Amino acid sequence: MSDFGFLNTHRTWEDWCGMLLGALIAASPWFPIQDRPGIGGHETMVLNTVAIGLVVFGLSQLEYVALQRWQEVATILVGLWLIVSPYVLGYSGEGFLRVYHTGLGAAAVLLGVLQLWQDWGLSDQDMLKHGQ
């Protein structure tokens, strides 16, 4: 039987993955294999996506430095916003961009849920020891 004990502890590599995920989100409007060349006329979508990417990146950096549960909840909420933003902001017909944002948002939600689950039973003193 395999042991999944490595998933029970919040490790610093998860924070690095969150920073990479934030960078990917911020760069996603310029990913290749778009339905249409260029993203002209979609300034709101670009600003929204870059802002979400920077927030995910910043939250992951904060978790790396000083672990708090609100950071994981914020990551989950921002990931959910990225999933629904193509429909709210009106670019759901963009094909690959919708798929990118749904997938990256789902990854952010899963990472936030995993980290929240790992940190749920930790005391404040244990959370302060994160990364040491």
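Things worth noting here:
- Test: residue in the stretch 8-20 that is at pLDDT 90 or above and either touching a Phe, Trp or Tyr at 6+ places or on another chain (Cβ under 8 Å) or farther than 16 Å from G112 by Cβ (or both): yes
- Any hit, the stretch 61-72, residues being open to solvent by less than 10 Å² (accessible area, probe 1.4 Å), part of a loop (DSSP other than H, G, I, E, B) and at pLDDT below 90: yes
- For the stretch 103-112, the set of residues classified as crowded, with 17+ Cβ neighbours inside 10 Å and either more than 13 Å from L24 (Cβ to Cβ) or out of contact with any Cys (no Cβ under 8 Å at 6 or more places or on another chain) (or both) consists of L104, G105, A107, A108, V109, G112, listed by residue number.
- Note on the stretch 81-106: residues that are in contact with a helix residue (DSSP H, G or I) (Cβ under 6 Å, 6 or more places away or on another chain) and not polar (S, T, N, Q) amount to 10.
The values are calculated or read from the model by the stated rules, or taken from the named source; none is laboratory data. All values reported here derive from a predicted model rather than from experimental measurement. Because the Cβ atoms are built from the backbone with ideal geometry, glycine has one as well, and the counts that use them run over all protein chains shown. Surface accessibility is based on the protein's heavy atoms, side chains included, excluding ligands, DNA and RNA. Shrake-Rupley method; radii C 1.70, N 1.55, O 1.52, S 1.80 Å.
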